[in-house]
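Here the structure comes first, spelled out in structure tokens, and everything after it is commentary.
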Amino acid sequence: MQYKVTNFIALILLIPMLFVAETRAGDEYSIRAISFGEVKGVNRSFFVEGEAGEDKVDIPFVIWLLQNKDRTVLFDAGYFRESWTKQWNTQNFVSPDKAVANAGVKPEEVTDIIVSHMHWDHAQGALLFPNANVWIQEDEYVYYTGGAWQEGGNSGGIDKRDVEGFVKLNLEGRLKFVKGDNVEVIKGIHAYTGGKHTFQSQYIRVDGKEPVVLASDNAYLFQNIETQTPINKNATFSLLSNRKAIKRMIELAGSVKRVMPGHDPAIFERFPTKGRVATIRE
Ligand SMILES: [Zn+2]
């Protein structure tokens, strides 16, 4: 009798634990990095403040795919216009709407796109996914549809056609504003500002038992994160703000190992990679 009671108690204790495990598995996002092109031999000094010399790095263009039982989310959506491929001599280019097929995703299945910033190689691809809501910081949108093009404004890296595309998304009701720092954009994904790669760039934390921060260009390379060195001063509106953001990303992730930079080829070496898709978290 004693044995049976113990078993019974064990079972009672086990049921909610199983339920919790089940819930977490369903809600927690898998995280994958998809390369859709590469640029060979860019000066490292382009990415890291204070780097001198001619050391080169081959950089990938990356789309981040986050999936759970309810949603298929992209963090950044790449680019597709040929003029940029020519300008940067991009190798092995695949349009982002085709590149997601490497991870088994059809463009129409993407439910949400969180855009880190308006630069051509991150924002442009958002125009390729017909059913997605597109999330961007309100201040980023307001600046690049307005003041950036006025005297004294800074429109570097912004494609006018993308600005028109984003205005159209807004008129269609598919553009959604993220308003400021530490906002839960979608359940389980928080957005943060302060990287200042552009006027109001954002980075995200994908929640979970072991949270992962996706920096986009607020940190280009693992070097920026691991040495807490900001991106090149020409690639940020504020070196100080960028430096602080990198420190904060590490805190938000709980480990320097769980902060993913925007353009580091080592993403596809440090994590299990099949073809052009690296699995950061199953
Ligand atoms: Zn950028």
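Quick notes
Yes or no, residue by residue, for (1) part of a helix (DSSP H, G or I); (2) away from the ligand (no atom under 16 Å from the Cβ); (3) of a type in the set (Phe, Trp, Tyr):
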{"position": "VAL62", "(1), (2), (3)": "no, no, no"}
{"position": "THR85", "(1), (2), (3)": "yes, yes, no"}
{"position": "VAL94", "(1), (2), (3)": "no, yes, no"}
{"position": "LYS98", "(1), (2), (3)": "yes, yes, no"}
{"position": "ALA126", "(1), (2), (3)": "yes, no, no"}
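- Looking only at residues in segment 100-124 that are of a type in the set (S, T, N, Q) and within 17 Å of the chain's Cα centre (by Cα), the one that is nearest to the ligand (Cβ to nearest atom) is SER116.
- Going through (1) within 13 Å of the ligand (Cβ to nearest atom); (2) at positive phi; (3) of a type outside the set (D, E, K, R) one by one, ASN182 falls short only on (1).
- Residues (surrounded by 22 or more Cβ atoms within 10 Å (Cβ to Cβ) and β-branched (Val, Ile, Thr)) located in segment 110-133: VAL110, ILE113, ILE114, VAL115
- If the condition is being in a loop (DSSP other than H, G, I, E, B) and closer than 16 Å to SER116 by Cα, then segment 161-184 contributes LYS179, GLY180, ASP181, ASN182.
- Some residue of segment 197-210 being within 22 Å of ARG281 (Cβ to Cβ), under 14 Å from the mean Cα position of the chain (by Cα) and in a loop (DSSP other than H, G, I, E, B): yes
- Residue within segment 249-257 that is under 17 Å from ILE31 (Cα atoms), out of contact with any Lys or Arg (no Cβ under 7 Å at 6 or more places or on another chain), buried (at least 22 other Cβ atoms within 10 Å of the Cβ) and among the polar types (S, T, N, Q) present: no
- Residues of segment 143-160 satisfying the condition of being loosely packed, with under 13 Cβ neighbours inside 10 Å and part of a helix (DSSP H, G or I): LYS160
- Scanning segment 64-82 for residues that are of a type outside the set (Gly, Ala, Ser), outside any strand (DSSP E or B) and either touching a helix residue (DSSP H, G or I) at 6+ places or on another chain (Cβ under 9 Å) or touching a residue at least 60 places away in the same chain (Cβ under 8 Å) (or both) gives ASN68, LYS69, ASP70, ARG71, ASP76, TYR79, PHE80, ARG81.
- Pair list, Cβ < 7 Å and 6+ apart or interchain, from segment 41-62 residues that are modelled with pLDDT of 95 or more and buried (at least 18 other Cβ atoms within 10 Å of the Cβ) to residues that are in a strand (DSSP E or B) and of a type in the set (Ser, Thr, Tyr): PRO60/SER35; PHE61/SER35; VAL62/SER35
- Residues located in segment 103-124, provided they are in contact with a strand residue (DSSP E or B) (Cβ under 8 Å, 6 or more places away or on another chain) and part of a loop (DSSP other than H, G, I, E, B): VAL105, VAL110, THR111, VAL115, SER116, HIS117, MET118
- Matching residues in segment 185-220 - criterion: being away from the ligand (no atom under 16 Å from the Cβ) and either at positive phi or buried (at least 24 other Cβ atoms within 10 Å of the Cβ) (or both): GLY188, VAL206, GLY208, VAL213
- Hey, THR229 among the β-branched types (Val, Ile, Thr), more than 18 Å from the chain's Cα centre (by Cα) and buried (at least 18 other Cβ atoms within 10 Å of the Cβ) or not: yes
- Checklist (1) crowded, with 20+ Cβ neighbours inside 10 Å; (2) farther than 14 Å from LYS179 by Cα; (3) within 16 Å of the ligand (Cβ to nearest atom) applied to ILE136, failing item: (2)
- Any hit, segment 252-269, residues being closer than 22 Å to ASN154 by Cα, touching a residue at least 24 places away in the same chain (Cβ under 8 Å), within 14 Å of the ligand (Cβ to nearest atom) and within 16 Å of the chain's Cα centre (by Cα): yes
The values are calculated or read from the model by the stated rules, or taken from the named source; none is laboratory data. Note that this is a predicted model, so its numbers are computed, not measured. Cβ: placed from backbone, ideal geometry, glycine included. Neighbour counts: every protein chain shown.
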